[in-house]
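Below is one structure, written out as structure tokens; comments come after it.
Just so it is clear, none of the values below were taken in a lab; they were calculated from the coordinates. Note that the structure is predicted; figures quoted are calculated from it, not measured. Virtual Cβ from ideal backbone geometry, glycine too; neighbours counted across all protein chains shown.
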Amino acid sequence: MTPTQTLASATADINQHAVALCSAGQFAEALSMVTPLLDDATLPNDTRADALNIAGACCFALRNAVDAENHWRQCLRVKPGYAEVYGSLGSLFKSLGRLSAAKAMYRQLVSLRPDQADTHHHLGNVLYGLGYKEDAEASYREALALRPDYAEAHYNRGIVLCDLRRPHEAEAAYRHALRGLHGCAEVHNNLGNVLVELGRPAEADAAYREALTLRPQYPEALNNLGGVLKAAHRLVEAELACRLALAIRPDYAEAHLNLGAVLADLERLPEAEAACREAIACRPDYAHAHYNLGIALFKLERYADAEQAYREAIRWQPGIVQAHNNLGCVLRVLDRFPEAIDAFRQALEVCPELAEAHSNLGHALAQLKRLPEAESAYRQALALRADYGDARFGLAVLLLRMGRFEEGWRQYECRYDEPSFVHHKTRAMLSCPQWSGETLAGKSLLVWQEDGLGDMLQFSRYFVLLKAQGAAHIAFACAPALHRLMARVDGVDAVLDHDAALAGASSYDCWMSLLSAPLYLRTTIDTIPHAAQFALEPALVEQWRPALDALPPGRRIGLVWKGNAKHHNDANRSIPSLATLAPLWSVPGLSFASLQKGQGEDEARDPPAGQPLLDLGAKVTDFADSAAIVAQLDLVICVDTSIAHLAASLGKPCWVMLPERDIDWRWLHGRDDSPWYPHTLRLFHRAAGEDWPMSVERVRQACVERFGAATPESPANDKAPTETARSGL
């Protein structure tokens, strides 16, 4: 044996002993043993390279990354083909977050050892960390081609496939992973996430529960289970799951967010707000928490706060399209329509195919009377989603407002397709077929009130036309306040309350709503039928005459300044108080009688000083009473409410003060008269920026022009009429 061979043999023994020490976890001792060999240029390259590799491993284990890198790099200079060292450096760089360097090492190792599944798997992990998801997925596939049962590679590939929006493949990957990792809670949890995306919530529920069986204290799985339970409307269980997740991890922002969403569904809005704020406290830049906070605040009608929340969501994540859309909805409620339009347009820049934003844009444009643009927006929404009820109803109302009745009436029937509309419930409730324009000859027809009292008064003109279609019997199911008046309308054979009509619905051949009559009777702007002839009860006229005769001589003016408080636009259409009408009292020769019912009645009982008012509304029991009073007046001045239709149908001059915003479609666009009541009704529109006192002043001036310095005259009707007498404006 030569001296060189003896030295090499001894060095190999040192390396072997050092490896044994490493295996025993004695890294410092192993490093001390090989250190004298590291700079010995007399050693064979393989032997010295082994010593440098061992030194690198010892330093890595001792958390001395700098020396570990130096030793391994020196090792590669001594022996460039030392494959294991490339893997070691890859692991080192990955642990240090130097992923690009790690990628280079693993690619070199792949070129040296292409048949090692682990190397492809490690390369895939680094590529995924660098955001090269397609390349990462390819590396995992290479690993699985070499080792089909490689469970970790299946699992990691499943993660990448989820990110690549390939959920079906991701599910398969996770199920392959479960064969080797069945006891791994993370695999079951991730499988649950994929199943949620695939729309299989029951299976997702089972997957999350399996994860929790394996690891009961698993906050992510609890939070995800809460999401599935919320989607299934099992809200109490969902709340519990989210709270359990938070008990384990109090700073879990996502669980606070999900808890807030569950509480919002439970209508526990202050608690929902608090949960969203907790999520934000955990993560101030959590855009979705700001967004959900906006939803809760909007439902709480704290619109300014909701606006701020949506703006914060957009600040942190401008791509949340629903935040832009919902911000627009808040601004619309606040009557800031130009800003709302900007918000909806921003939403459409993010997602041009968001039908809701097109529809909301249409509504905002309509409020600004930009009707052609509004129509275009509604039609764009419907082009994207043909069954979008809100857009179709908005378009219907717009078309009717523009006087384009042919399409408008047809679109207006969509109200029966919307579950949130009372009309949808009517269709489900009545047991006879709904009339759709077929012959009525010899048939019995049930007309069902599902709209407002004013609607019934306006559209009662169609009873006589329906009778003319050959209907043998027409029954009208309506509110009690209409019964006495409607019983005397031509074409009505019976008046019923809704309960009685529902009980006997099966005995009728068909049913309909009065507001569907214009469609099937083909009403256009030029063929609107005459208003119904409301026959008065002479006894009722006489009953009310003494009260009206107590007014001073002169013109008798009926007043209604508020509508139904439950109407969606009541805040705009009702005048704030009777005192707002005070300028009318300055017109000489006028006396005023209140026809006000419901909200505002108390003002009529105790009118402001200087506004003497005969309070009749509180004593009125129904529209037959109201008709008997109106017949003895010279003029009715009111807001947009049912009395306008009654007075105009009775042939009495009626002046209607309309709001600036959300004007009802029936008054059409750009008109101060009405083809529904061509000789009796005059419209006073509030102009943009005009307040109610300014509108009232225009009405006062009209009174002066009409009545002047009126001299006392006899009452308008000396004898109780049996038919409507028409009078002009």
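Tabulated values for the structure
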{"read-out": "Convex hull (Cα only) mean projected area of the chain, reported in nm² to one decimal", "value": "43.0 nm²"}
{"read-out": "Low-density loop positions, GluC sites (Glu not before Pro), the range 226-316 - DSSP coil, at most 15 other Cβ in 10 Å", "value": "GLU267, GLU301"}
{"read-out": "³J(HN,Hα) computed for each position of the range 189-205 - Karplus, 6.51 cos²θ - 1.76 cosθ + 1.60, integer Hz, glycine/proline x", "value": "4, 5, 4, x, 4, 5, 5, 4, 5, 7, x, 10, x, 5, 5, 4, 4"}
{"read-out": "Packing-based ranking, highest mean first, of 640-652, 328-340 given that Cβ atoms within 10 Å are counted", "value": "640-652, 328-340"}
{"read-out": "Whole-Hz ³J(HN,Hα) from phi, Karplus 6.51 cos²θ - 1.76 cosθ + 1.60, for the range 436-452, glycine and proline x", "value": "10, x, 6, 4, 9, 4, x, 9, 9, 10, 9, 9, 10, 7, 10, 10, x"}
{"read-out": "Loop-located chymotrypsin sites (Phe, Trp or Tyr not before Pro) in the range 96-163 whose Cβ has at most 12 other Cβ within 10 Å (DSSP)", "value": "none"}
{"read-out": "Nearest-ten-degree value, helix 303-316 long axis tilted from longest Cα axis of the chain", "value": "30 degrees"}
{"read-out": "Cross-link partners of LYS467 among lysines (Cα-Cα below 23 Å; sequence separation of 8 or more within a chain)", "value": "LYS443"}
{"read-out": "Helix 253-265 vs. the chain, principal-axis angle (Cα, 0 to 90°, nearest 10)", "value": "20 degrees"}
{"read-out": "Bins of 10 Å from zero: percent of alpha-carbon pairs in the range 318-417", "value": "19, 48, 29, 5, 0"}
{"read-out": "P(r) tail fraction, the range 1-121 - alpha-carbon pairs more than 19 Å apart, %", "value": "48 percent"}
{"read-out": "Separation between Cα centres of the range 496-565 and the range 35-106, rounded to whole Å", "value": "95 Å"}
{"read-out": "Footprinting exposure proxy for SER507, SER376 (fewest neighbouring C-beta atoms within 10 Å first)", "value": "SER507, SER376"}
{"read-out": "Ranked packing of 156-165, 486-495, most packed first, by mean Cβ within 10 Å", "value": "156-165, 486-495"}
{"read-out": "Exposure proxy ranking, count of Cβ atoms within 10 Å, fewest first, for VAL187, VAL66", "value": "VAL66, VAL187"}
{"read-out": "Packing-based order for 257-263, 364-370, using average beta carbon neighbours within 10 Å, highest first", "value": "257-263, 364-370"}
{"read-out": "For the range 538-707, alpha-carbon Rg relative to the globular expectation (2.2 N^0.38 Å, N residues)", "value": "0.96"}
{"read-out": "Integer Hz, Karplus 6.51/-1.76/1.60 couplings in order for the range 14-30, x for Gly and Pro", "value": "5, 4, 5, 5, 5, 4, 4, 4, 4, 4, 8, x, 9, 6, 5, 5, 5"}
{"read-out": "The chain, relative contact order in percent, only Cα pairs under 8 angstrom and at least six apart counted", "value": "6 percent"}
{"read-out": "Residues with amide H under 5 Å from that of GLY558, placed H, sequence gap 5 or more", "value": "ALA593, ASP634, LEU635, VAL636, ILE637"}
{"read-out": "Computed FRET value (nearest 0.05) for ARG404 with GLU267, which takes r as the C-beta separation and R₀ as 30 Å", "value": "0.15"}
{"read-out": "Length released on extending from GLN26 to ARG77, taking residue separation times 0.36 nm less the Cα-Cα span", "value": "15.7 nm"}
{"read-out": "Interchain or long-range residues, amide H under 5 Å from LEU658's placed H", "value": "PHE684, HIS685, ARG686"}
{"read-out": "Size of electric dipole in the chain: Cβ of Lys, Arg +1 and of Asp, Glu -1, about Cα centre, debye, nearest 20", "value": "760 debye"}
{"read-out": "Zero-based 10 Å bins, Cα pair distances in the range 478-607, whole percents", "value": "9, 24, 31, 26, 9, 1"}
{"read-out": "Footprinting exposure proxy for LYS94, LYS597, LYS619 (fewest neighbouring C-beta atoms within 10 Å first)", "value": "LYS619, LYS94, LYS597"}
{"read-out": "Mean separation of Cα contacts under 8 Å, 6 or more apart, over the residue count of the range 432-578: relative contact order %", "value": "28 percent"}
{"read-out": "Extension reserve of the HIS182-LYS425 stretch, reckoned as 0.36 nm per residue once the Cα distance is removed", "value": "82.5 nm"}
{"read-out": "Degrees between helix 151-163 axis and first principal axis of the chain (Cα, 0 to 90, nearest 10)", "value": "30 degrees"}
{"read-out": "Whole-Å distance, taken between Cα centres, linking the range 220-275 and the range 115-138", "value": "36 Å"}
